[in-house]
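Report on the following structure.
The values are calculated or read from the model by the stated rules, or taken from the named source; none is laboratory data. Just so we're clear, the structure is a prediction, and the values are computed from it rather than from any experiment. Methodologically, a virtual Cβ is constructed for each residue, glycine included, from the backbone with ideal geometry; neighbour enumeration extends over all protein chains shown.
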Amino acid sequence: MPLEVKLQPKLTYKLRLTPQIKLALNLLQLPLAQLKEYIKEEIEKNPLLEPSEDSTSSNGKLDEILKKIENRENKESESDILWTGEDGDKKQYRESLISASLTLQEHLSRQLHIFSNSEDERKIGESIIGNINDNGYLDCPIDEIAESNRTTKSQVEKVLALIQTFDPIGVGARDLRECLWLQLRAKREENSLAGLIVDKYLPFLEKKRYGYIAKKLKRSVEEIKDAIKEIAKLQPRPGCSFSQEITQRLIPDAILKRNKDGYEVIPNDWELPRFGLSAKYKEMLKKNDTPTEVKEYLQERLNAGRSLIDAVNKRQETIQKIIEEIVYTQKDFLDNGATHFKPLTLSQIADRIGKHKSTVSRAISNKYVHTPYGIFKLRDFINSGVKQENGELFSSKTIKTKIRALIESEKKKKPLSDLEISSCLKQEGIFVSRRTITKYRHQLKILPSKSR
């Protein structure tokens with residue numbers, strides 16, 4: 001059969017995010033302080049948006065912009081000085097290093113902008129960077145980031161590997177072992193004695209079991225101690241150099257007010273700038289004598305302004321629903337303390353408010369709520385459960401609280417083993433395996449009984 005080249009039509013379905021949806025998702029994951037700055041910048045850039053308190057400065061700025069639109073020469077001269085291509089981005093990044101101090105996340109984002117190869121990589125990278133804490137460690141599980149970005153775990157791992165090559169070295173690690181190993185790899189010492197100790201024997205190093213490590217690696221104790229000196233030179237918290245000395249005020253997204261029926265959720269709207277669409281320029285858009293070019297510009301800015309208003313409103317509505325659901329589920333915790341936590345997952349909240357799990361994950365990221373007992377992260381209210389013999393789930397946070405209480409009250413000369421802790425909890429009607437106790441104890445950063 002002879003080969004031939006021919007055109008063949010094919011109908012396919014693809015999910016594409018509109019600019020409005022992208023904007024809504026972007027604003028949803030912004031903390032309130034960043035959203036506040038973002039709105040201020042948009043008001044400055046978009047003349048169709050004006051502050052409710054004082055619109056005179058906005059009107060004056062729009063008059064200047066309208067003049068620039070009518071003057072093509074000015075418009076062309078502005079486009080000539082814009083940075084284009086990779087060279088401009090690199091120059092901008094280098095200049096930023098000697099300017100005002102940056103946060104760790106800003107520092108990583110600028111490197112990502114240079115070294116990422118596609119828009120998808122950049123999007124995943126921003127999601128990863130947003131979940132890196134001030135010490136430089138990745139706080140969020142890979143599968144959760146993959147699900148929120150609708151991609152695969154392998155793709156997230158690929159972008160994470162790229163971020164782990166950024167400055168400061170060791171950033172993006174998921175635990176201390178990976179952090180130290182990344183720093184040794186950067187020095188090409190991952191296969192050295194120090195690298196082997198970090199990779200396989202770090203838990204024994206914490207217990208100072210030098211003889212055991214020496215026996216396993218068939219080295220002398222003196223060689224092990226020399227390698228430990230090299231490990232001690234590494235930075236266990238690579239992000240600490242970017243920490244700000246000035247204490248920053250946490251801005252809660254909502255306030256819980258206690259009343260006779262429970263708790264009332266009051267959204268923190270007053271922190272955001274009050275703004276609306278300019279009636280003056282909406283009227284100009286309707287006039288027949290307004291130049292076509294000016295009308296096109298005004299219509300574009302009007303659509304952008306409406307999209308911003310809708311996105312902000314949807315953000316507030318989504319966060320309000322999530323907090324209301326959290327308060328409804330965790331009322332016993334708010335009333336009686338940590339031992340009354342109930343299991344609550346992202347999937348449960350998503351099902352109850354009719355949103356996708358990834359939307360809930362974005363919405364609670366870096367968000368806070370002010371309660372009568374202090375300010376809490378929304379993510380602090382999310383916890384898994386341990387299945388009991390009767391089929392019910394028992395909150396993992398409650399179990400961790402009880403584990404900590406048991407260890408704090410134990411006899412110093414006879415600390416409780418994980419099996420004994422499991423037996424103590426069983427007497428309270430909480431059935432948890434020894435392996436689960438060990439896992440939770442590690443998460444609480446509590447040493448085993450032999451080291452306590």
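Odds and ends about this structure:
- Filter result for Thr290 (without any contact (Cβ under 8 Å) to a residue 60 or more places away in the chain, touching a helix residue (DSSP H, G or I) at 6+ places or on another chain (Cβ under 8 Å), hydroxyl-bearing (Ser, Thr, Tyr) and within 30 Å of Asn46 (Cα to Cα)): yes
- Condition broken by Gly354, with the remaining ones in (1) surrounded by fewer than 16 Cβ atoms within 10 Å (Cβ to Cβ); (2) in contact with a Ser or Thr (Cβ under 9 Å, 6 or more places away or on another chain); (3) at pLDDT 85 or above satisfied: (2)
- Some residue of the range 330-345 being assigned to a helix (DSSP H, G or I), in contact with a Phe, Trp or Tyr (Cβ under 8 Å, 6 or more places away or on another chain), aliphatic (A, V, I, L, M) and at pLDDT below 90: yes
- Output for the range 404-434, where each listed residue is farther than 20 Å from Leu393 by Cβ and small (Gly, Ala, Ser): Ala405, Ser409, Ser417, Ser423
- Counted residues, the range 408-421 - those being under 19 Å from Ala338 (Cα atoms) and at pLDDT 90 or above: 1
- Screening Ile124, Ile128 for residues that are in a helix (DSSP H, G or I), surrounded by 19 or more Cβ atoms within 10 Å (Cβ to Cβ), touching a strand residue (DSSP E or B) at 6+ places or on another chain (Cβ under 7 Å) and modelled with pLDDT of 90 or more leaves exactly one candidate, Ile128.
- Note on the range 414-446: residues that are part of a loop (DSSP other than H, G, I, E, B), surrounded by 15 or more Cβ atoms within 10 Å (Cβ to Cβ) and touching a residue at least 40 places away in the same chain (Cβ under 8 Å) total 4.
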